[in-house]
Amino acid sequence: MTSVRSSAASLAPSIRGAAELVRQEALRRELDGCQLLAGIWCHGFTVAQLRSIRASLPSTARLVVTKNSDMAAAVAGTRWEALRPCARGMNAWLFVRSDEIPPALKPYRDFQKEWKLQLNDFTGAVYEGRLYGPDDFAQLEAMPTRVQSYQYLLGCLQMPAVNVLAVLRARQEALAAEADKPPAEGEAAATAPATAKAEEK
């Protein structure tokens, strides 16, 4: 009986270790293709509330609740490692697989306002290798969407062409006005004798 217990006890850590490795590998897969990783302080959230947040997220975002130790191990040695200090306390992790950052963050902000959960804020995020603290999220939320960026670029490309066309049109109108203008009195007097001499010949 003792040998059975001792063998079971020796197997327990290896099973636990294997389970941790599986969880960490699943998190690494989540990080593949990820554009932004953000932590959310989820202390006191109910299962129904977490489901509500998940249901409101765009298809490019996923909310995962996992152990901080697993998250810290998964981001170690990656571009997300700067987020390790945020892996403390009760966290849910938002994985965003798109450069459309504001639409991915907005559902949680709406949830916060609806439930009056100001303390359950973002704990931090990493975007393009930079760590954003809770006070820096306004920058992420104000980022232009892809459509807005394309509109701005298109405007920048169109402006020089519009300016050139405006200059050409103004020049053409000036030349047309010059051609339609009747000759001045001095010019008319000078051309009259030349016309009379031509007629005498």
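Relative to 2.2 N^0.38 Å, what does the C-alpha radius of gyration of segment 22-143 come to as a ratio? Two decimals please.
With N residues counted in segment 22-143, Rg over 2.2 N^0.38 Å equals 0.96.
Could you calculate the contour length gain from R109 to L175, that is, 0.36 nm times the residue separation minus the distance between their Cα atoms, to one decimal place in nm?
Using 0.36 nm per residue and subtracting the Cα-Cα distance, I get 17.8 nm.
Sorted by accessible area with a 1.4 angstrom probe, largest first, how do E100, E114, E173 fall?
E114, E173, E100
Take A166 and S14, extend 7 Å from each Cα along the Cα→Cβ direction, and tell me the distance between the two endpoints in nm.
Taking the two extended label points, one gets 7.7 nm.
If each of D136 and L157 carries a label point 7 Å out from its Cα toward its Cβ, how far apart are those two points in nm?
Roughly 3.2 nm, to one decimal.
The values are calculated or read from the model by the stated rules, or taken from the named source; none is laboratory data. Every value quoted in this text rests on a predicted model; they were computed, and no experiment measured them. Cβ atoms come from the backbone with ideal geometry, glycine included; neighbour counts cover every protein chain shown. What goes into the accessible areas is simple: the full protein's heavy atoms, side chains included, and nothing from ligands, DNA or RNA. Shrake-Rupley method; radii C 1.70, N 1.55, O 1.52, S 1.80 Å.
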